[in-house]
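Here's the structure we're looking at; comments come further down.
The values are calculated or read from the model by the stated rules, or taken from the named source; none is laboratory data. Given the structure is predicted, the values throughout are model-derived calculations rather than measurements. Every residue, glycine as well, gets a Cβ built from its backbone with ideal geometry; the counts of neighbours run over all protein chains shown.
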Amino acid sequence: MESTEDDIRRQIQVRSSLALILDRQRLDAVLGPVRQQFEEDLKALTDAEQDSKELKSAKRSLLFEKIEEEIQLPFPAGTTATDDETPVVKDSMTKQYVKKAAEAVYKDLVRRKIAVEKRRPDGRGAEEIRQVTCEVSVSPRTHGSALFTRGQTQIMTLLTLGTAKEGQRIDDLSLESERRYMHHYNFPPYSVGETGFMRGPKRRDIGHGALAQRALEPMIPNLEEFPYTIRLVSETLESNGSSSMGSVCGSTLALQDAGVPIKAPVGGIAMGLVKEGDDYVILTDIQGAEDHLGDMDFKVAGSRDGITALQMDIKITGVTQEIMSNALAQAKRAREFILDKMAEVLPESRGQLAAHAPRISTVKIDPEQIGLVIGKGGETIRALEADHDVQIDIEEDGTILIYATEGEKADSAIAAIESLTKTPEVGDTYTGKVVKTTQFGAFVELKKGTDGLLHVSNVGPGRVGHIEDVIGRGDVLDVLVQEVDKDRGRIGLKLIAKHENGNLVQPEELIERAKDAPPREREERPPRRDGGGGRGRGGGGRGRGGGRDRD
């Protein structure tokens, strides 16, 4: 899952050694012309600066005066005034050399302040982290949301949960697969004070999103533990250094806010490096200017137990084992500090999903009862889906997955399925509809395919002459299972109450109604199939000979 700092260090050492052994000649062949061209450009730039002492002095004075203010902004913003404030230059000097000279001076000042004076542009120490604030549930309708702010970098991460069938389908040269955890990163122009078209994600955005996704992927629960598809979207609201690591922190908080049972919180930090000769300074939580003018951008993400993802962008030929070890150790301290800040807001995942999150519930039934839930031609399962506004999937082993937009709908569907598949036992109560009445009682449908008999003697504490005096077909009753004869398949019921116009009528009141009911005439038997009728089995008399001539 996670890798410790020592594991990362050993892996880097092995790979670096192999690269030096196998690619030495190829690297020399490639770097030779590049180094020569660089030296020529540097000489031209140096000569240009020496040709204009007036320009060099003016630029240094301007930058020293505004260094405390300008150095905290991206470099182009600090040099936008060069074209307008440039003194008169010699005809041989072009604006290109002027800009390069200003950039060189600016870079030299920043690096000297950091490496020699041990002073960062905004006054922080080498290991000092900008102010960190965290918020959760910032969006009322999303399934999970968080706002992570570190200095001038602010990320809002939104989470959406979907069913297991809604994963991203990936069709490449190998077999088709599905991805149930996705992270998308957006970097709109306004996050850095610019304007522009809001088009699709660029290569940088895709890379940052993939890095944050990889950092959290080991912590996502498997499908059996959490049968949902998870999509995270990190919106960069403001950016001044390491927005990708901010999206890692925001994603962790959004997952916890949504109630996703992640294995451990994950935080991220961006480390920097300024190396002058043998002296170097490792910077924690670099901002834009330090990233632009420094020698390394080293992103490290992980939990308290280890590293889950890292990425290094380096501008120098390489770093020593000592620098790498110190950077990893420094990153671990910073990561733990950020995780502490996140834990102050939400120490662990919420115990339940958000109110608007889809509910995916699981019910286990006997595989022999699958047909009972599906019904004839799917009639029962379609009725369940329509009545409770859910989607139902049934596996061959009897596992039933219920997808609902609200928890109440899922709960009602579960109750209906459990009621449908549960075998009635003595003491159980049911609410059912009367499907048939006879002289000796009424048959009540307890569930689909299961009826019970409410005998006339069990209506209430008194005598009822005829069941239809108090109960008719279609009435809704609350009944208690009083007897279960499994051998004969009979269920005896006792009346609890009758539903009537939104009210519950107690058995005592029904008995009083029965007393006031008019007497009923004795019903005759229905005619026989041979056309006879009455008890005489003939023409209606009591004799046995009517209508039975043998001629």
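For the reader, a short list of remarks on this structure follows.
- For the range 108-142, a tally of residues being more than 27 Å from residue 268 (Cβ to Cβ) and more than 36 Å from the chain's Cα centre (by Cα) returns 5.
- Condition check for residue 267: buried (at least 20 other Cβ atoms within 10 Å of the Cβ), in the same structural domain as residue 330 (by TED's automatic domain parsing), of a type outside the set (Val, Ile, Thr) and farther than 16 Å from residue 314 by Cα: yes
- Residue that is modelled with the lowest pLDDT [pool: residues in the range 448-503 that are of a type in the set (S, T, N, Q) and part of a strand (DSSP E or B)]: 450
- Some residue of the range 309-316 being surrounded by 13 or more Cβ atoms within 10 Å (Cβ to Cβ), under 26 Å from residue 245 (Cα atoms), aliphatic (A, V, I, L, M) and in contact with a Ser or Thr (Cβ under 7 Å, 6 or more places away or on another chain): no
- The sole residue among 423, 399, 429 that is farther than 16 Å from residue 374 by Cβ, modelled with pLDDT of 85 or more and hydroxyl-bearing (Ser, Thr, Tyr) is 429.
- Among the candidates 331, 354, the residue that is touching a residue at least 60 places away in the same chain (Cβ under 8 Å) and outside the structural domain of residue 207 (by TED's automatic domain parsing) is uniquely 354.
- Out of 334, 301, 357, one residue alone is surrounded by 15 or more Cβ atoms within 10 Å (Cβ to Cβ) and over 30 Å from residue 128 (Cα atoms). It is 357.
- For the range 437-450, the criterion of a residue being among the β-branched types (Val, Ile, Thr), in contact with a helix residue (DSSP H, G or I) (Cβ under 6 Å, 6 or more places away or on another chain) and assigned by TED's automatic domain parsing to the domain that holds residue 492 is satisfied by at least one position.
- Candidate set: the range 128-181, residues that are at negative phi, in contact with a Gly (Cβ under 9 Å, 6 or more places away or on another chain) and in a loop (DSSP other than H, G, I, E, B); chosen: the one surrounded by the fewest Cβ atoms within 10 Å (Cβ to Cβ): 131
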